1. If Gly163 passes every condition in (1) surrounded by 17 or more Cβ atoms within 10 Å (Cβ to Cβ); (2) under 20 Å from the mean Cα position of the chain (by Cα) but one, which one does it miss?
2. Can you pull out the residues in segment 170-181 that are part of a loop (DSSP other than H, G, I, E, B) and either of a type in the set (D, E, K, R) or on the phi > 0 side of the Ramachandran plot (or both)?
3. Evaluate the following for Gly167: is it at pLDDT below 95 and not in a strand (DSSP E or B)?
4. Look at segment 218-245 and say how many of its residues are hydroxyl-bearing (Ser, Thr, Tyr), in a helix (DSSP H, G or I) and surrounded by fewer than 20 Cβ atoms within 10 Å (Cβ to Cβ).
5. Of all residues in segment 182-217 being among the charged types (D, E, K, R) and not in a helix (DSSP H, G or I), which is modelled with the lowest pLDDT?
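The values are calculated or read from the model by the stated rules, or taken from the named source; none is laboratory data. As the structure is a prediction and not an experimental result, all values here were calculated from the model. Methodologically, a virtual Cβ is constructed for each residue, glycine included, from the backbone with ideal geometry; neighbour enumeration extends over all protein chains shown.
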Amino acid sequence: MRLLSGVLGSASAAFARFGFSRVSFDRANPRTMTAPSPACKAAASSSATAGAGAAQKPWLFVGLGNPGRMYKGTRHNVGFEMIDAIAEAEGISVSSKQFKAIVGKGLIGDVPIMLAKPQTFMNASGESVGQLVSYFKIPLNQLVVIYDDLDLPFAKLRLLPKGGHGGHNGMRSIIDHLKQSHDFPRLRIGIGRPHGEMGVISFVLRSFNKQEQEELDFTLRRGLQAVRIIVQEGFNKGATFVNTPQPSEMLNR
């Protein structure tokens, strides 16, 4: 067994090219329209160009985990669970197989996103992520990797704009396949550390008890809120939301 450690104008054409769904455009009524001034025309043209450019660069959210029924619901697969939570809430089907990952494409508001769950097993996650980033030309500041973290208390979230692998082999692989770049955001989900004499491998492959699952469900809902804020209001606002302790979080500690 392999070691398992570790996101108008011409915008519609861009959406179609990426296969994004849930886009609708209202038909204008010519009888209710007035002719715009030259200045308005210029502003509209500039805005449409900028909007089309943004639409061509979706956010890519990658959740790390291990494929297969035996790993479902384990601590090491919380990255997969976060992707599933986003997909369900936003009505995105994560079922297409591309570049060694199961991928889904859709929108949050009017912003295109991609969701991916690499199927390479944790240690080789970078094989998939590197190809997805390269093929879809994802800016690294729009790649968000979601994964489990032993060094965070259980069900705690941390969102950072960049950083090292922290001993996580999945992140190590991704950094290697991004030409050693650390400059991409990561959403870490705390799973805590094992107690007593339990080894790390056994711990990360362990399922959650009922109370832990309830806490994790709350964390996944908060993670979903964070993803929506990142996409629609910017990374910094998302990080402030995640990294500022909430009263409900304090009660769970």
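1. Going through the list (1) surrounded by 17 or more Cβ atoms within 10 Å (Cβ to Cβ); (2) under 20 Å from the mean Cα position of the chain (by Cα), Gly163 breaks only (1).
2. Across segment 170-181, the qualifying residues are Lys179, Gln180.
3. yes
4. Initially, segment 218-245 is screened for residues hydroxyl-bearing (Ser, Thr, Tyr), giving 219, 240, 244.
From the residues that got through so far, the ones that are in a helix (DSSP H, G or I) too are 219, 240.
Next, from what is left, pick out any that are surrounded by fewer than 20 Cβ atoms within 10 Å (Cβ to Cβ): 240.
Going through segment 218-245 one residue at a time, the tally reaches 1.
5. So, considering only residues that are among the charged types (D, E, K, R) and not in a helix (DSSP H, G or I), the one modelled with the lowest pLDDT is Glu197.
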